């Protein structure tokens, strides 16, 4: 059983872990080029802290203490791996540098952005970038990430390990890209963060984004990137987009846990503080006069949010924003949402025509929101039989039981409305 | 690759649902089966009768033993299966998550041993 000191030590260690995990990994990885060993060394250092601190007291500079222990562990690992003489001076140099940083009372240099750029490097498979960032920056374990991304824990563990090996063996740099490369490289980082945010939302309907438990972590990462690169408007755009979506969390479910689509949500349940922060970010970004995908998507959310003042959604603005998005993005999700906006402005038939253009896109055949959007527009156009079939597809593809139940209700209501023939 | 999706759920819970809820539950399975068929991945499926209809047979030391009931008594019972043919485990897991059984019970995903 843990005594008072044990509990305090555990609490301190947990606080340091929450606050500094990514910073410590980033610092070690930048100097060793080895993400996996940096993580291993750090987790051994945390284990050492839990056994050492209760007895000898929490150190004045816990981060420095952890860094010093992690450094010793990492040098031991390196020694075991490489026996060649020529590696010794290099190890010594690295050890000295880490030591100097550990000794300093001032903060450990923040290399987290460099670590994110390494994780979202073009040489790393796009599908593993978000999981990699979640693991290295936040210390999430492979099993938790695997569940969120609907992959087996064993496979996720292997993919993460493979990506880390690639970073080490390909010599991927832990650095912030040059000006010329920055937009494209930053886009990959932002896409990874957004993928983490949107994960689990694949089964939500239409423009509405769902909510996995990764959302909070993704927003934290978004804040970090926005604070480290405040002159890049897309970092602000992404954070604004995530905050807008997050603001609606309480309105997304009814008292019985039932799914409430965006159009039926009560704006008074939206979180005003998050919306205000998102709007401020968007305004800041707009002043830089370089629009981009995330700013446009955030602006769409902003046009939905005006309903809290005016009582109605600004669909005309939303249609224009999706027109602009469609020119820079080939995402079928953008195309679906554009069709929904067209239907709102110019009628269901026009929306159906826009959706018909997508019918050949194979990515959509098993994409539930596509079928839900088809069903809704077909129903509004009075094409009951086709709408029922589209609902059937959407129901069969739904993952979220609340969404499934919602779609079933819609389908049933539709059948009820059909006049007997 | 073929994967067997085994659906485990609480039979009692299903039996005690209202008729309307049962209807909705079965309709969800119907829609799921339809989606599997449209995607061209369905290789077979059956719903099983409740475990009180199960018998378990074992032959040991030349003696045959027949017992009433399922092989394992558990809170959740094997209620049916879908056999699907998909490229990899990721795809199988993705279909398993869409199975209504994953929301009211659990779906075990097992790769089929092909000879």
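The values are calculated or read from the model by the stated rules, or taken from the named source; none is laboratory data. Since this is a predicted model, take the numbers as computed values, not measurements. Cβ: placed from backbone, ideal geometry, glycine included. Neighbour counts: every protein chain shown.
Observations, loosely collected:
- The combined condition, being within 14 Å of chain A (Cβ to nearest Cβ) and either touching a residue at least 24 places away in the same chain (Cβ under 8 Å) or closer than 24 Å to residue A:409 by Cα (or both), is fulfilled by residue B:34.
- Filter result (more than 23 Å from the chain's Cα centre (by Cα), closer than 22 Å to residue A:407 by Cα and outside any helix (DSSP H, G or I)) within the stretch A:323-368: A:347, A:358, A:359, A:365
- As for the stretch B:91-99, it holds no residue that is more than 13 Å from chain A (Cβ to nearest Cβ) and touching a strand residue (DSSP E or B) at 6+ places or on another chain (Cβ under 9 Å).
- Across the stretch A:264-295, the number of residues qualifying as in contact (Cβ under 8 Å) with a residue 40 or more places away in the chain, surrounded by 15 or more Cβ atoms within 10 Å (Cβ to Cβ) and within 21 Å of residue A:322 (Cβ to Cβ) comes to 9.
- Failed criterion for residue A:412 (all others in (1) within 11 Å of chain B (Cβ to nearest Cβ); (2) closer than 12 Å to residue A:259 by Cα hold): (2)
- Here residue B:40 qualifies as within 14 Å of chain A (Cβ to nearest Cβ) and surrounded by fewer than 16 Cβ atoms within 10 Å (Cβ to Cβ).
- Breaking point among (1) more than 22 Å from the chain's Cα centre (by Cα); (2) under 26 Å from residue A:227 (Cα atoms); (3) at pLDDT below 95, for residue A:263: (2)
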